[in-house]
Amino acid sequence: MTVEVRLFATLRRHAPASPNGVMAVEMPAGSTVLELVRALNLDPKEVHLIMVNGTGCGFEQPISDGDRIGLFPPVGGG
Amino acid sequence: MNKFIRVNMTTREVAMQETPEKYAGLAGRALTSTFVYDEVKPTCHALGKNNKLIFAPGFLSGTTAAQSGRISVGAKSPLTGTIKESNSGGSFSQKMAKMGIKALVIEGMPADDKFYIVKIDMNGVVLDEAPAEILNGCGNHEAIKVLSAKYGDSVGIALAGPAGEYRLPTANISFKDPEGHIRSAGRGGLGAVLGSKKVKAIILDDTGAPLSVPIAKPEAFQAAAKAFAKALVTHPVTGKALSAYGTDVLINILNEAGGLPAKNFTAGRIEWNDNISGETMNATITERGGEGKVSHGCHTGCIIRCSQWYPDKNGKYITSGFEYETVWALGADAGIKDLDDIAYLDRAMDDVGVDSIDVSVAIATAMAGGLLPFGDGKAALEAVKQIAVPTPMGRILGGGTAIVGKLCGLFRTAVVKDQAIPAYDPRAVKGVGLTYATTPMGADHTAGYAVATNILKVGGYVDPLKKDGQVELSRNLQIATAAVDSTGMCLFIAFAILDIPEGFNALVDMINARYDLALTADDVTALGKSVLKTERAFNAAAGFTNAHDRLPEFFEYEPCPPHNVVWDFTPEEIDEVFNF
């Protein structure tokens, strides 16, 4: 299956070739966010916020074909 | 810190008194709101002679504590008709505290049309006539240069811009920052109150003042200040993220969460997010170099450094304090897709002295109403510059979002108590919606920043799309914020102290060491509750009821994509927020 991954803030350094940190990633069906993070060679400790299709979730979240997955380090503002 | 200064603009008399006993234990927002409750007639006209404007540093201002340089300003608001506390960075708070001034009150109103400068130094207070060259449309950047040349480069300045002179409801009070740029007590039109009293500027010359305020227990204070700074440096948000990307990092987060209000609150996500994101702001500043700075502190002692200097293509400074809420309103809500256009608008709003949230949302509303072409940054800039004249268009935009919505005949006008709703859609970030509805200030995200817990997973996690837990979250954050706003601390310390208990304890320890007190966490909570109850009592006496604690109705029946959620709290549930 193919998912759309969006990396933000400091995580974008792991995807220098992808404009604005957006990339399509092939994953085996039934994968979780944690498996995706590992496949991308990201350190899970660097990932603080996970959103699948705009909804916050944890590493254990299963992902499906066509999902939009946003990954953020700890960030804040206001 | 015991001088309580009253400047009566009717008689032009100055009274420098000892701080009255009942205000001795208060500071910052706790002091400004208690004073306004005590002395301002709730039903007065905010621009009339019975309103009073009060400036107060916080409990920890003037100390070496990190982040302690916020100044609180209070009055009845001409925008909302409620009580108002608006706070700002800059050098004013630290100077005021070091000069031993607990509070400065401007009251009354002169019969003539002259504008004055209130100049305060260690010898007392003098009223000068304002120089003609800074009146009638002179921008704040130039006015600060003129006043610094006249009174000295290192003085603190609080200033009413052209919008304040014209008494527009969105007029802010601008404060000179350490480099001579501008910070603002932005919300609620307090610049119009200053202008109504014919005070163009307040000058603080702290020559001869001690370098620090007196500390009752210096060793205990130093230990607590160190622990406090450690919490700020350790927490990833206050220690790293805010200085790297500024608050504008939120564009991509709220966009991803589907809570970024777009096209006058008709959607929660945009496709051009990377034109205006914090990542792009950082990359643009870095690439252009010159006078650009990725991070910058708005006051001496700031170690979070969320501000920046945004330069033009040639590396020349355009603006600082280029905040998420302004970028959101112009970039997503008004659809202006060019960050440079937005930067020039931010500078222009600082220059005329208006709240860059209310006027930016007013621009988006004006675009929805056909007064300005949608997404046209150049047309919006020309319109904002007209506030300095002021043309009718300038007055309309300076009137703020509520007025523009009425003039355009729109039901989709994003305000609560006539103050613009900022950058987080209440349908998709429900906790902050409760804050907008119920804070005594009119719609204000900072009054109880539930976004931290709903979206950023700071201080725990409460699902932003569900109602569960939101009432308690908004209530507790509003109570904590009222207390933090009384300390002189930047609200961003909350990111660290919500997650790191030692940081919160150090904050309380610093106050105890400064004044030789024995406050506990419960006392801090009690202070926050007391401030909110005082503010709400003022509003009740001014005619506000629970029926005013409601969001605009369209949020109840227009689903917000991509989650297609509506605002679904019942009136009874909303009223529970202030049931304490």
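Which listed residue (B:571, B:283, B:397) has the Cα farthest towards the positive end of the charge dipole for the protein assembly as shown, taking +1 on Lys and Arg C-beta and -1 on Asp and Glu C-beta about the Cα centre?
Positive-end residue among those listed: B:397.
Roughly how big is chain B's charge dipole about its Cα centre, with Cβ charges of +1 (Lys, Arg) and -1 (Asp, Glu), in debye to the nearest 20?
Computed about the Cα centre, the dipole is about 960 debye.
Report the one residue of B:362, B:99, B:411 whose Cα lies farthest in the direction of the positive end of the charge dipole of chain B (charges on C-beta: Lys and Arg +1, Asp and Glu -1; origin at the Cα centre).
Positive-end residue among those listed: B:99.
I need to check one value: relative contact order of chain B, counting alpha carbon pairs closer than 8 Å and at least 6 residues apart, in percent.
17
Please arrange B:248, B:463, B:351, B:121 by counting, for each residue, the other beta carbons lying within 10 Å of its beta carbon, fewest first.
B:463, B:121, B:351, B:248
Between the stretch B:440-511 and the stretch B:335-393, what is the separation of their alpha carbon centroids in Å?
Value for the Cα centre distance between the two parts: 31 Å.
Please work out how many pairs of lysine residues in the stretch B:258-412 are eight or more positions apart (or on different chains) and have Cα atoms closer than 18 angstrom.
Within the stretch B:258-412, the lysine pair count is 8.
Below 11 angstrom from the Cβ of residue A:23, what's the summed charge of the other residues (Lys, Arg +1; Asp, Glu -1)?
0
What residue among B:491, B:233, B:136 has its Cα farthest toward the positive end of the dipole of chain B, where the charges are +1 on Lys, Arg and -1 on Asp, Glu, each on the Cβ?
B:136
What net charge do the residues around residue B:20 carry, taking every other residue with its C-beta under 10 Å from that of residue B:20, with Lys and Arg at +1 and Asp and Glu at -1?
-1
What ranking do B:54, B:251 get, fewest neighbouring Cβ atoms within 10 angstrom at the top?
Taking fewest neighbouring Cβ atoms as first place, the list is B:54, B:251.
Let me check I've understood the local charge: for residue A:73, count other residues with C-beta under 9 angstrom from its C-beta, Lys and Arg +1, Asp and Glu -1. What total comes out?
Summing Lys and Arg as +1 and Asp and Glu as -1 gives 0.
Quick one: order A:68, A:13, B:187 by neighbouring beta-carbon count within 10 Å, fewest to most.
In order of increasing Cβ crowding within 10 Å: A:13, A:68, B:187.
Enumerate the residues in the stretch B:280-302 having an amide nitrogen under 20 Å from the point lying 7 Å beyond the Cα of residue B:207 toward its Cβ.
Residues passing the 20 Å test: none.
For residue B:466, list the lysines whose Cα falls under 21 Å from its own Cα; do not include residues on the same chain fewer than 8 positions away.
B:430, B:457
Pairs B:145/B:197; B:49/B:102; B:230/B:529; B:84/B:226: which are spaced more than 25 Å apart, C-alpha to C-alpha?
Exceeds cut-off: B:230/B:529; B:84/B:226.
Given R₀ = 25 Å, FRET efficiency for residue B:537-residue B:13 by Cβ-Cβ distance, to 0.05?
0.25
Kindly state, to the nearest 0.05, the FRET efficiency for residue B:41 paired with residue B:266, given R0 = 41 Å and r defined as their beta-carbon distance.
In this case the efficiency is close to 0.50.
How large is the charge dipole for the protein assembly as shown, taken about the Cα centre, if only the Cβ atoms of Lys, Arg (+1) and Asp, Glu (-1) carry charge, to the nearest 20 debye?
1300
Starting from the Cα of residue B:523, step 7 Å toward the Cβ, then list every residue of the stretch B:38-75 with an amide N under 18 Å from that point.
B:58-61
Using the Cα centre of the stretch A:2-72 as the reference point, and only Cβ charges (+1 on K/R, -1 on D/E), how large is the resulting charge dipole? Debye, rounded to the nearest 20.
280
With r defined as the distance between the Cβ atoms of residue B:566 and residue A:68 and R0 fixed at 22 Å, what FRET efficiency is calculated, to the nearest 0.05?
It comes to 0.45.
Starting from the Cα of residue B:576, step 7 Å toward the Cβ, then list every residue of the stretch B:465-487 with an amide N under 15 Å from that point.
Under cut-off, by backbone N: B:466-476.
Run the simple label-point estimate for residue B:554 and residue B:378 please: 7 Å along Cα→C-beta, distance reported in nm.
If labels sit at residue B:554 and residue B:378, their model points lie 2.8 nm apart.
Every number in this text was worked out from the coordinates using simple rules, so none of it is lab data. All figures in this text were calculated on a predicted structure; none of them were measured in a lab. Cβ sites come from the backbone with ideal geometry, for glycine too, and all protein chains shown count toward neighbours.
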